[in-house]
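I have placed the structure first, in the form of structure tokens, so that the comments after it can refer back to it.
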Amino acid sequence: MKNVFFISLIALLGIMYTACSNAPKGEKAVVNAAKEVKKAVAASSFAVAPGSLVSWTGSKIAGKHMGTFAVSNGNVKVNNGKVVGGKFTIDMNSMVVTDLKAGEGKEDLEGHLKSADFFNVAANPTSTFTITNVANGSVTGNLTMMGVTKSITFPANIMVTDQGVKVESSDFTINRTDFGMKYGSASFFDGLKDKAINDEVSLKVSLSAK
């Protein structure tokens with residue numbers, strides 16, 4: 001009986017360790033109700049440059065996958081050397097999985113992530129992020145995704161020059177279920193066991209505007 005207990009305990013610890021090791025990295029973003037977007041007084045407005053990306057990592061006990069979304073357009077507003085506003089659009093159809101090769105499940109996973117189980121890009125081809133505040137090494141803005149708008153605050157390094165703006169966030173996490181994405185979530189479905197998909201998704205913003 002004791003042997004069965006210890007074997008069960010070791011198995012449980014193993015599952016917990018694997019779950020923790022696959023958990024997305026990054027500081028948890030502060031998520032609140034959408035905030036009012038005030039008209040920014042700007043001396044300069046820079047257009048988001050090609051190559052700007054939002055990287056993502058999703059995970060479950062059995063492993064994790066990584067990929068990117070392209071930022072298709074937008075602008076960043078600057079006054080007195082500080083970012084005072086802006087908005088950018090994320091092309092959800094641009095999503096690619098970067099940790100798999102073509103023919104090794106990459107296409108199937110991309111198709112599934114774009115389906116109604118996850119981002120439902122047919123109905124929601126774009127997401128947007130509207131900056132509402134930049135202070136103390138953090139960016140706050142309204143993220144609209146899958147028809148849901150939430151205010152999120154995440155850490156970022158922002159460099160402003162006469163030629164433009166660069167925004168490099170640290171890794172941060174959001175809860176996908178806040179935006180109605182419940183597929184595979186143990187918070188909503190029982191009996192998923194090792195097929196459960198983590199509610200927390202890691203994101204990283206790499207954006208330049210010129």
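Within segment 164-177, how many residues are surrounded by fewer than 21 Cβ atoms within 10 Å (Cβ to Cβ) and under 16 Å from Val84 (Cα atoms)? Qualifying residue count, segment 164-177: 2.
I need the full set of residues from segment 95-141 which are in a strand (DSSP E or B), under 24 Å from Tyr183 (Cα atoms) and polar (S, T, N, Q), in order please. Within segment 95-141, Thr126, Ser127, Thr128 meet the criteria.
Of all residue pairs spaced 6 or more apart or on separate chains, those with beta-carbon atoms under 6 Å, a first member in segment 106-121 that is more than 16 Å from Gly184 (Cα to Cα) and a second member that is aliphatic (A, V, I, L, M) and assigned to a loop (DSSP other than H, G, I, E, B) are Lys106/Leu100. Filtered by the rule that a residue be part of a loop (DSSP other than H, G, I, E, B), over 20 Å from Val30 (Cβ atoms) and among the acidic types (Asp, Glu), segment 160-210 gives Asp162, Asp190. In the set (1) more than 22 Å from the chain's Cα centre (by Cα); (2) within 24 Å of Lys35 (Cα to Cα), Asn73 fails one condition alone, (1). Sub-6 Å Cβ pairs linking a first residue in segment 170-196 that is within 22 Å of Ala33 (Cα to Cα) and in contact (Cβ under 8 Å) with a residue 12 or more places away in the chain to a second residue that is basic (Lys, Arg) and surrounded by fewer than 15 Cβ atoms within 10 Å (Cβ to Cβ), at least 6 apart or interchain, are Asp171/Lys25; Thr173/Lys28, ordered by first then second residue.
Listed here are the residues, each with its yes/no results for (1) in contact with a strand residue (DSSP E or B) (Cβ under 8 Å, 6 or more places away or on another chain); (2) small (Gly, Ala, Ser); (3) crowded, with 21+ Cβ neighbours inside 10 Å; (4) more than 23 Å from Lys195 (Cα to Cα).
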{"site": "Val76", "(1), (2), (3), (4)": "yes, no, yes, yes"}
{"site": "Gly86", "(1), (2), (3), (4)": "yes, yes, yes, yes"}
{"site": "Asp99", "(1), (2), (3), (4)": "yes, no, no, no"}
{"site": "Ala102", "(1), (2), (3), (4)": "no, yes, no, yes"}
{"site": "Leu109", "(1), (2), (3), (4)": "yes, no, no, no"}
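Residue count for segment 42-62, restricted to those that are out of contact with any Leu (no Cβ under 9 Å at 6 or more places or on another chain), assigned to a strand (DSSP E or B) and either farther than 21 Å from Gly184 by Cα or at pLDDT 95 or above (or both): 4.
The values are calculated or read from the model by the stated rules, or taken from the named source; none is laboratory data. Computed from a prediction, not measured in an experiment: that's the story for all the values here. FYI the Cβ positions are ideal-geometry reconstructions off the backbone, even for glycines, and counts take in every protein chain you see.
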